[in-house]
Each structure stands twice: as C-alpha cells, then as structure tokens.
1. At R0 = 25 Å, how high is the FRET efficiency between A18 and W179 if r is their beta carbon distance? Nearest 0.05 is fine.
2. Keeping all protein chains in place, calculate the accessible area per residue for the range 41-88 (probe 1.4 angstrom), answer in Å².
3. If R0 is 22 Å, what FRET efficiency do you get for E166 and L89 from their C-beta distance, rounded to 0.05?
4. If I stretch the segment between M7 and E155 completely, what's the gain in nm (0.36 nm per residue apart, minus their alpha carbon distance), one decimal?
5. Under a point spin-label approximation (7 Å from Cα along Cα-to-Cβ), what is the S66-N54 distance to one decimal in nm?
6. Using a 1.4 Å probe on the protein heavy atoms only, what accessible surface does S35 show? Give it in Å² to the nearest 10.
7. If you take every residue apart from R74 with its C-beta less than 12 Å away from the C-beta of R74, what net charge results, scoring Lys and Arg +1 and Asp and Glu -1?
Amino acid sequence: MDISWFMRCLNEPIARKANAEDNCTGRFWEGRFKSQALLDERALAACMAYVDLNPIRAKMAKTPESSDHTSIQRRIHAATSGKQPKELLPLVGDERLSMPKGLPFRLDHYLELVDWSGQHLDPRKRSAISENAPPILERLGIPPKHWLYLNRYFENRFKSLVGSAESILQACIQLHKRWVHGIRDCRLYLSAAPY
C-alpha cells in the first residue's frame, strides 16, 4: 500500500526498455527531459519557434505548414478558416490594458518569424539576413543574429530559467536563489538591446 513503491515498480520496466532502446544506462529521466522556466515574452517566442522548427531541423518537413504535430501547423490550418485552434492558447496580439488571456503575439508576426527563422537554420546556407527584421523581433528587442543563435542553441544554452536578465534576477529573488546557470547568455541574447 505504498505509492512510492508502486511507482518504482511501474517505472523500472519502462526505464529498462527505454535504456535498451537508447543504448544507455542510468535513471530513466536523467538526461532525457529538462524543465525550463520561460520568464518573459522573448523566452516564450524563442522556445515556441524552436519547438515549431524541430521537424524542419530533423528534415521531416520542408515548411512550417507541412510539419505535422506542431502548434504552428494547427495555427495555420485554423487561420485559413479565420479561427484560432481551440486546443492551443490563442495569439491575442500586442499588449494592451484589457489584455485577454493568450500569447502576446499577432499570428501574422509569429508565422513570419518562424518562416524567417526556418530559412536561416542551416549555417551553410548563403542567406543574407534582411535589414528589415520581422516586426516581432523589433518589438521584442532581439537583434536578428541573436534570434538565430537562440533558435539554433535554445536547449543547449539555457537550463532552468530563461528570460531577460532582469526577469531572471526577479525570479531568483522570489525563489531565494543566489545563482542561476545561463544568466550570462540570457543577459547577452534576451535582454533589451538596441539594434
């Protein structure tokens, strides 16, 4: 009648099968899954685009609209009929006083941002970054070269807290932390900086 023992017995065969499949040893969750706190709009936009571009990175799709099982594909299909997908948090546009519940981006800006980011995924391409960055980049204050860096290395460079340096410092105060891994990169890539 011990829930901990039950969970242990339930997880052990799953962990053994997964370890055999991945040809590794150790605890099942160790090194496979990460938890990252997204503290502001910049971190949210970077993570959303990173995840939506995974099928393109893996060469499973050529465009965002053809990438199965992504939120961007659902948003595109819903947008063709003038709707927002019910299973996803809606994109509600720019911040305002009576802000409805949803993500603080306009759909057209997010689609343009992901498409633009997808064109610059492969560092061997000879694509030039346009001087007119997508509107969301200007609004979030992220220079194009920083956005590309975030889009390529989001999972590797950021560990537990992700956001501007100011957001991270506030979170550290609330969480009673004195230090957080990756704050230097957050200060460099996610803090407001002039173009």
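The values are calculated or read from the model by the stated rules, or taken from the named source; none is laboratory data. It should be emphasised that the depicted structure is a prediction, and the values quoted were computed from it without experimental measurement. Heads up, the Cβs are rebuilt from the backbone with ideal geometry, glycines too, and the neighbour counts pull from every protein chain shown. Keep in mind that these areas ignore ligands, DNA and RNA; they rest on the heavy atoms of the full protein, side chains included. Shrake-Rupley method; radii C 1.70, N 1.55, O 1.52, S 1.80 Å.
1. Efficiency for this residue pair is about 0.20.
2. Per residue, the range 41-88 has an accessible area of 58 Å².
3. Numbers: r = 24 Å, r/R0 = 1.09.
Approximately 0.35, to the nearest 0.05.
4. On the way: separation 148, 0.36 × 148 = 53.28 nm, distance 2.87 nm.
Working it through step by step, the gained length comes to 50.4 nm.
5. In this crude spin-label approximation the distance works out to 2.1 nm.
6. Surface open to solvent at S35 totals about 100 Å².
7. With Lys, Arg at +1 and Asp, Glu at -1, the net is -1.
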